[in-house]
Amino acid sequence: MKTILIITLGNLLLTASYAFLTVPNNMIDGGITSTSLIIAHFLKIDITYITTIIALLLLLFSLIFLGKHFFLQTCYSCLCYIIFFDWFHLANVSLAIPPIICIVLAGILVGIGHYLCLSQKSSIISYDIIALFIHKNNEKIELSVILRIIGILVLISGLYVFGVISVLYGLIFIIIETETIFLLNKNKPVYEEIYEK
């Protein structure tokens with residue numbers, strides 16, 4: 001029961017941050033939501049459909065490469081993410097705060113939510129699954145560094161769609177999010193125990 005509550009809380013923090021802070025302000029953050037915004041711009045498809053498809057593909061990847069236990073925990077996380085994000089997105093609420101405060105707040109909240117899910121051996125259904133796979137195969141590379149690199153690649157791909165300012169805000173977000181994960185994990189390491197041997 002404790003695991004379910006922590007994963008639920010982690011996803012509430014994540015999806016509320018995305019739906020109320022970053023998405024309404026067209027801020028990209030280097031995750032699947034940003035990827036979905038970029039794809040939606042070109043294909044003119046609602047972001048919720050794209051986010052759901054990417055999340056399901058990453059879920060399948062987790063089953064194949066990270067093991068059944070991680071997959072089962074992540075299934076619940078995926079369900080939370082899809083339901084909460086769709087629900088919050090449909091609410092069509094945008095918090096009217098300055099962009100820099102918005103991105104700092106979102107970075108901290110997403111970092112905490114991300115860590116909470118990892119602490120329960122589950123994914124937030126994002127590129128953390130790919131980062132965990134890379135880290136599993138080379139544990140010398142810090143997970144937060146891998147997440148930063150992936151996030152920067154997504155940001156670069158969004159440069160044409162959102163422009164330099166959004167990409168700079170995205171870079172700030174990625175640094176804050178991954179540093180939050182790094183600091184929380186430093187105090188109580190979690191992801192070294194995630195993988196099935």
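The values are calculated or read from the model by the stated rules, or taken from the named source; none is laboratory data. Owing to the predicted nature of the structure, the values given are computational and were not obtained by experimental measurement. We place every Cβ from the backbone using ideal geometry, glycine too, and count neighbours over all the protein chains shown. Just so you know, the surface numbers come from the protein's heavy atoms only, side chains and all, with ligands and any DNA or RNA stripped out. Shrake-Rupley method; radii C 1.70, N 1.55, O 1.52, S 1.80 Å.
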Residues located in the stretch 1-46, provided they are in contact with a Gly (Cβ under 6 Å, 6 or more places away or on another chain) and under 18 Å from Cys117 (Cβ atoms): Gly10, Leu13, Leu14, Asp29, Gly30
Failed item, numbered, when Ile45 is tested on (1) in contact (Cβ under 8 Å) with a residue 24 or more places away in the chain; (2) closer than 19 Å to Leu90 by Cβ: (1)
Verdict on Ile152 being assigned to a helix (DSSP H, G or I), surrounded by fewer than 17 Cβ atoms within 10 Å (Cβ to Cβ) and over 15 Å from the mean Cα position of the chain (by Cα): no
Residue list for the stretch 38-62, restricted to those being open to solvent by 30 Å² or more (accessible area, probe 1.4 Å), farther than 15 Å from Gly158 by Cα and among the hydrophobic types (A, V, I, L, M, F, W, C): Ile45, Ile53, Leu56, Leu57, Leu60, Phe61
Unmet requirement for Ser123, which otherwise passes all of (1) at pLDDT 90 or above; (2) small (Gly, Ala, Ser); (3) farther than 23 Å from Asn25 by Cβ: (1)
Hits in the stretch 78-90 (condition: buried (at least 22 other Cβ atoms within 10 Å of the Cβ) and either closer than 13 Å to Ala19 by Cβ or modelled with pLDDT of 90 or more (or both)): Cys80, Tyr81, Phe85
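Examine the stretch 111-123 for a residue that is β-branched (Val, Ile, Thr), closer than 23 Å to Val167 by Cα and either open to solvent by 20 Å² or more (accessible area, probe 1.4 Å) or in contact with a helix residue (DSSP H, G or I) (Cβ under 7 Å, 6 or more places away or on another chain) (or both), and state whether such a residue exists.
Taking the stretch 111-123 first, the residues β-branched (Val, Ile, Thr) are 112.
Now narrow it down to the ones that are closer than 23 Å to Val167 by Cα: 112.
The next check asks that each one be either open to solvent by 20 Å² or more (accessible area, probe 1.4 Å) or in contact with a helix residue (DSSP H, G or I) (Cβ under 7 Å, 6 or more places away or on another chain) (or both); those that pass are 112.
Yes: the stretch 111-123 contains one or more residues that are β-branched (Val, Ile, Thr), closer than 23 Å to Val167 by Cα and either open to solvent by 20 Å² or more (accessible area, probe 1.4 Å) or in contact with a helix residue (DSSP H, G or I) (Cβ under 7 Å, 6 or more places away or on another chain) (or both).
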Test: residue in the stretch 1-13 that is in a helix (DSSP H, G or I) and without any contact (Cβ under 8 Å) to a residue 40 or more places away in the chain: yes
Flag if Phe133 is modelled with pLDDT under 90 and either open to solvent by less than 70 Å² (accessible area, probe 1.4 Å) or among the aliphatic types (A, V, I, L, M) (or both): no
Failed item in (1) on the phi > 0 side of the Ramachandran plot; (2) within 13 Å of the chain's Cα centre (by Cα); (3) open to solvent by 40 Å² or more (accessible area, probe 1.4 Å), with Asn26 passing the rest: (2)
